[in-house]
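Below is one structure; the comments refer to it alone.
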Amino acid sequence: MKKAIGIDLGGTYIKYGLVDVEGNILKKGILPTNAEKGSRDIVIEQMSCAIKDAWDENIEGIGIGTPGVVDNNGIVFESPNLPGWHNFNVKEVFEKKFGKKVVVENDANSIVWGEYLFGAGKGTRTIICLTLGTGLGGGVVINGKLLRGAIYSAAELGHMVVDYRGRKCGCGSVGCIEAYVGRDYIVKSAIRKIRKGEKTVLSKMVKDLTEITPKMISDAYQKGDKLAEKVWIEMATALGAFLAGLVNMLNPDRIILAGGIAQAGEILFSTVRKTIAERAMKVLAKTVEVVPAGLGNDAGIISGAALIFQK
Ligand SMILES: [Zn+2]
């Protein structure tokens, strides 16, 4: 069976593994990136150790998901947390070193491709994948191809404007969807309601209201807390309205919701589905499914290998 090595390069850790063509991990490991030592060569050396550890003579290639903007030729233009990763041909370095095909892709795009090939997007042609966390990241596969754009920076989905007179966003713009569904904004929404005097178990769970987490809001909702329910419905309605626009534009088979905030579960998913049904064009809304991510904790490793198993 075909195999590939998948590398999930992060600013702190390198996660790696040997993966078969069906997306099963045969072997895996983790090493420190050592980026803080400030040397490009040290990071390359760590990645090489990872590849040697996962090595199998019969691999088709090595797929690398890295932070930063990456072009079609495996050149990383810029990656803020990695030393010297500036106009750096990562693909060439590892092809010379190991004599195998190497594919390099932006880490968020890599995950989208992994979900498309092996995860919740399996069997589709067009997907939107959103990662709900501190920010709102994402990517798009359209007609079986990753959407990359003119300078390989497409799909900054979190910074699409949903209210042009709305909240200030961290990116400098106004009314971006991230300013309604990002982690801190969810917490702030709960705090605002508490300060207005709404009753909730949340105020008893922390000393200081700023200690509230989305997980606590989920737990409170599970216990029947009305304020927590309102927070999730507001957040998920904003997300659903935003997605209705994307549904109209891209006509996706599936929308995949990944990341820590997606753990909010059924209240999030059902509200997003309902809002899309109400607000997108009817025939498009009927086509699309909204589902949780399929790859789990080793998504980065499986996705790295998926870059080699292009359809
Ligand atoms: Zn923004």
* Structure fact -> Of (1) crowded, with 22+ Cβ neighbours inside 10 Å; (2) of a type in the set (A, V, I, L, M); (3) within 16 Å of the ligand (Cβ to nearest atom); (4) in contact (Cβ under 8 Å) with a residue 60 or more places away in the chain, Ile111 satisfies every one except (3)
* Restricting attention to region 75-93, report how many residues are of a type outside the set (Lys, Arg), at pLDDT 90 or above and not in a loop (DSSP other than H, G, I, E, B). => 10
* To do: Exactly one condition in (1) surrounded by fewer than 19 Cβ atoms within 10 Å (Cβ to Cβ); (2) within 20 Å of Leu246 (Cβ to Cβ); (3) within 15 Å of the ligand (Cβ to nearest atom); (4) free of Cβ contacts under 8 Å to residues at least 12 places away in the same chain is not met by Lys145; state its number.
  => (3)
* To do: Evaluate the following for Lys204: is it more than 16 Å from the ligand (Cβ to nearest atom), closer than 25 Å to Asp298 by Cα and out of contact with any helix residue (DSSP H, G or I) (no Cβ under 7 Å at 6 or more places or on another chain)?
  => no
* Look through Ala150, Ala154 and report the one residue that is more than 15 Å from the ligand (Cβ to nearest atom) and open to solvent by 50 Å² or more (accessible area, probe 1.4 Å). => Ala150
* Answer with yes or no whether Ile64 is under 15 Å from Leu307 (Cα atoms) and outside any strand (DSSP E or B). => no
* Asked: Given the conditions (1) polar (S, T, N, Q); (2) closer than 27 Å to Val141 by Cβ; (3) without any contact (Cβ under 8 Å) to a residue 24 or more places away in the chain; (4) away from the ligand (no atom under 16 Å from the Cβ), and given that Thr237 satisfies all but one, which numbered condition is not satisfied?
  -> (3)
* Asked: Among the helices (runs of 4 or more DSSP H) confined wholly to region 154-256, which include 1 or more residues that are more than 24 Å from Val290 (Cβ to Cβ)?
  -> 183-195, 202-205, 214-222, 226-250
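Residues are listed down the side, and each one gets a yes or a no for (1) touching a Cys at 6+ places or on another chain (Cβ under 6 Å); (2) β-branched (Val, Ile, Thr); (3) open to solvent by less than 20 Å² (accessible area, probe 1.4 Å):
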position	(1), (2), (3)
Lys3	no, no, no
Gly6	no, no, yes
Gly11	no, no, no
Lys28	no, no, no
Thr33	no, yes, yes
Trp55	no, no, no
* **Count of residues meeting criterion [in contact with a Leu (Cβ under 6 Å, 6 or more places away or on another chain) and either among the hydrophobic types (A, V, I, L, M, F, W, C) or open to solvent by less than 20 Å² (accessible area, probe 1.4 Å) (or both)] in region 233-254** => 2
* Asked: Within the group Thr131, Thr126, which residue is touching a residue at least 40 places away in the same chain (Cβ under 8 Å), closer than 28 Å to Trp113 by Cα, within 16 Å of the ligand (Cβ to nearest atom) and among the hydroxyl-bearing types (Ser, Thr, Tyr)?
  -> Thr131
* Enumeration of residues in region 164-182 that are in contact with a strand residue (DSSP E or B) (Cβ under 8 Å, 6 or more places away or on another chain), within 14 Å of the ligand (Cβ to nearest atom) and not hydrophobic (A, V, I, L, M, F, W, C) -> Tyr164, Gly166, Arg167, Lys168, Ser173, Gly175, Glu178, Gly182
* Considering region 266-293 alone, what residues qualify as being under 19 Å from the mean Cα position of the chain (by Cα), within 18 Å of Gly119 (Cβ to Cβ) and open to solvent by less than 80 Å² (accessible area, probe 1.4 Å)? -> Phe269, Val290, Val291, Pro292, Ala293
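The values are calculated or read from the model by the stated rules, or taken from the named source; none is laboratory data. What you see is a predicted model; the values in this text were computed from it and never measured. Here the Cβ is made from the backbone with ideal geometry for all residues, glycine too, and neighbour counts use every protein chain on show. Protein only, heavy atoms only, side chains kept; ligands, DNA and RNA dropped before computing areas. Shrake-Rupley method; radii C 1.70, N 1.55, O 1.52, S 1.80 Å.
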